[in-house]
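The values are calculated or read from the model by the stated rules, or taken from the named source; none is laboratory data. The model shown is predicted, which means the values in this text are computed figures rather than measured ones. Heads up, the Cβs are rebuilt from the backbone with ideal geometry, glycines too, and the neighbour counts pull from every protein chain shown.
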Amino acid sequence: MTASPEIKMLSKLLPFSSPESAYRHKFLNNQDENLFMGSFESFAAAEAGAPPSKAVGYDHAEAASLYSPQIYFYDYPGLFWLGRSIDAGLARIFDLGGHIGIKYYAFRRVLSYPGNLRWTVCDVPSVVDSGRALAVQREATEQLAFTTDYRDASGCDVLYASGSLQYLPVRIDEILSSLAAKPRRIVLNTTAVHPERTLFTLNSIGVAVCPYRIEHYDELLAMLTRSGYRKRDAWRNEGKPIEVPFVEGGDKTYYAGGCFDLI
């Protein structure tokens, strides 16, 4: 296999015997791991710093086929609060970054979806196209819909964001301020956070590299408070790894979630 231009360049800058150079080589050739590399001043700078040999972001056909509708151990806190919400009559779910509807399909195996449930997934165009086609195949179109505009969350009962905020160029408070009617409840899960500051990095998902924001946890809570929400519950998604090697504080990152109600 011929080495990519990025690897040839890196080999000149750093000897392959160094741990950092070896990790860069691994990152650029990654196929199936969830890897992180680098530190940038902003989300836009991270996007600009992505290696040209890889696709950037999720808006392409290969990314649409990455995930399957499974329930993982780290899904259960969010699943619990979604179930409580549905049981309380909150039947309009807006799944921000919900891919092809993977959590809709996964969770319906263990939750009792009422007939009036309306689950809307918001994602990038290529993923949404695949999701719509799958919903037709699975005869799920009566309950499951798709959009590419997060402003369609206006008036929903529950805004659900599982592992998605970190990939968005806009923050949660910007999203909420754009809505004519805010969600009654927000359920976050597997949100990338840091205890001391916000980090911007690159995430390799194998088929692509994505700009990635690891939010300062206290600032995330402050944004939700300023947006009019009260914390109902909070948790760490222990056991789901995240680390940005060779970056100061990169070993302090973790995934977290919470349930927040509109006051």
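Kindly establish whether A50 is part of a helix (DSSP H, G or I) and assigned by TED's automatic domain parsing to the domain that holds T148. Outline the logic, then answer.
Values: part of a helix (DSSP H, G or I): no; assigned by TED's automatic domain parsing to the domain that holds T148: yes.
Here the answer is no, as A50 does not meet what is asked.
Identify, from the list F80, F94, the residue that is in a strand (DSSP E or B) and assigned by TED's automatic domain parsing to the domain that holds E248.
Details: F80 fails: in a strand (DSSP E or B).
The match here is F94.
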For this session: Looking only at the stretch 137-150, decide whether some residue is more than 14 Å from the chain's Cα centre (by Cα), surrounded by fewer than 23 Cβ atoms within 10 Å (Cβ to Cβ), more than 26 Å from D233 (Cβ to Cβ) and aliphatic (A, V, I, L, M).
Result: yes
For this session: Identify, from the list F73, F94, F80, the residue that is surrounded by 19 or more Cβ atoms within 10 Å (Cβ to Cβ) and either touching a residue at least 24 places away in the same chain (Cβ under 8 Å) or farther than 29 Å from H25 by Cβ (or both).
Result: F94
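For the stretch 133-146, which residues satisfy the criterion of being part of a helix (DSSP H, G or I) and closer than 16 Å to Y67 by Cβ?
Filtering the stretch 133-146 down to residues part of a helix (DSSP H, G or I) leaves 133-137.
Correct list: A133, L134, A135.
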For this session: Answer with yes or no whether Y217 is of a type in the set (F, W, Y), in the same structural domain as G250 (by TED's automatic domain parsing) and crowded, with 23+ Cβ neighbours inside 10 Å.
Result: no
For this session: Please tell me if R185 is farther than 30 Å from V56 by Cβ and more than 16 Å from the chain's Cα centre (by Cα).
Result: yes
Exercise. Residues of the stretch 174-193 being among the β-branched types (V, I, T) and on the phi < 0 side of the Ramachandran plot, which ones?
Worked result: I175, I186, V187, T191, V193
